[in-house]
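The structure appears right after this line, and notes come after that.
The values are calculated or read from the model by the stated rules, or taken from the named source; none is laboratory data. As the structure is a computational prediction, the values presented were derived from the model and not from experiment. Ideal geometry is used to build each Cβ from the backbone, glycine not excepted, and the neighbour counts take in all protein chains shown.
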Amino acid sequence: MLGLKLPTDPRWVNIVEKNIEEILTDHAFCEQKATSTAISLIVSFPEYTELVQEMVALVKEEISHFKMVHDKILERGWVLGRDRKDEYVIELMKFFPKGGSRTTQLVHRLLYAALIEARSCERFRLLSEALEDKELAEFYRKLMVSEANHYTMFLGFARQYGNKKEVDTKWQQLLEYEAKIMSNLGKKETVHG
């Protein structure tokens, strides 16, 4: 369903289980960044009313997810750690050239967002199926469903606002590029790394 070209090695969960505090901190900041992305789309493309409406709803959902993850951190007696660079996103953002028409810029941003949500969904599925901590596994199962919905929403908007055939071609090219990125990741207890 997600179309990812390179699945995450299931052994990644073993890395995560050795440092739950780290994955929760990284996850919290991923939710904060998703909130910021939705706000940025509103600010950058206010003339797309349907997109703005959906992004307002997404801001509320993503910030509530941030709170849920932060609450998990606090329940375990930890504090939110510092944010760190997301190597995955940094590399991913190099794919599309800068510039182009406003529509092209919008489509590219929507495709990036769709792919990040798809990879998060795939990672959350692994966590939901393999974590020994059953409470946390159930937590990730619920969030996995949200990520899948976000992925399809962003991809749908890209197809709606761009030329569908061109968007689908770009999407496949981006998926291939992302697989190359992922071949060098999966060794850290981070959502995408």
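Please give the number of the condition ILE15 fails out of (1) crowded, with 18+ Cβ neighbours inside 10 Å; (2) aliphatic (A, V, I, L, M); (3) in contact (Cβ under 8 Å) with a residue 40 or more places away in the chain.
(1)
Here are the criteria: (1) among the hydrophobic types (A, V, I, L, M, F, W, C); (2) in contact with a helix residue (DSSP H, G or I) (Cβ under 9 Å, 6 or more places away or on another chain); (3) at pLDDT below 95. Tell me which single one ILE90 does not satisfy.
It is condition (2) that ILE90 fails.
Note down all Cβ pairs under 8 Å where the first residue falls in the stretch 175-193 and is in contact (Cβ under 8 Å) with a residue 12 or more places away in the chain and surrounded by 18 or more Cβ atoms within 10 Å (Cβ to Cβ), the second is among the basic types (Lys, Arg) and part of a helix (DSSP H, G or I), and they're at least six residues apart or on different chains.
Listed pairs, sorted by first residue: GLU178/ARG119; MET182/ARG119; VAL191/ARG123; HIS192/ARG119; HIS192/ARG123.
Which residue is farthest from the chain's Cα centre (by Cα), if the candidates are limited to the stretch 44-96 and must be of a type in the set (Asp, Glu) and over 30 Å from LYS170 (Cα atoms)?
Going through the qualifying residues, I end up with GLU75.
Using beta carbons and a limit of 7 Å, which pairs, at least six apart or on different chains, have the first residue in the stretch 135-155 and farther than 13 Å from GLU122 by Cβ and the second one in a helix (DSSP H, G or I) and among the basic types (Lys, Arg)?
That search, which allows pairs on different chains as well, returns PHE139/LYS72.
Name the single residue, out of those in the stretch 97-132 being in contact with a helix residue (DSSP H, G or I) (Cβ under 7 Å, 6 or more places away or on another chain) and of a type in the set (Gly, Ala, Ser), that is surrounded by the fewest Cβ atoms within 10 Å (Cβ to Cβ).
Per the criteria, the residue is ALA130.
Tell me, please, whether a residue that is within 24 Å of VAL167 (Cβ to Cβ) and buried (at least 19 other Cβ atoms within 10 Å of the Cβ) can be found in the stretch 62-77.
yes
Within the stretch 51-95, which residues are of a type in the set (Phe, Trp, Tyr) and assigned to a loop (DSSP other than H, G, I, E, B)?
TRP78, PHE95
Mind telling me which of the residues ALA114, ALA158 ends up being part of a helix (DSSP H, G or I) and under 21 Å from PRO7 (Cα atoms)?
Every option except ALA114 fails the conditions.
Here is a list: GLU189, GLU147. Which entry is within 17 Å of GLU31 (Cα to Cα), charged (D, E, K, R), modelled with pLDDT under 95 and in a helix (DSSP H, G or I)?
Working: GLU189 fails: in a helix (DSSP H, G or I).
None of the other options fit; the residue is GLU147.
So which residues in the stretch 22-50 are hydroxyl-bearing (Ser, Thr, Tyr), in a helix (DSSP H, G or I) and farther than 21 Å from GLY77 by Cβ, if there are any at all?
THR35, SER36, THR37, SER40, SER44, THR49
With respect to GLU132, is the statement that it is out of contact with any Leu (no Cβ under 8 Å at 6 or more places or on another chain) and not in a helix (DSSP H, G or I) true?
It is true that GLU132 is out of contact with any Leu (no Cβ under 8 Å at 6 or more places or on another chain) and not in a helix (DSSP H, G or I).
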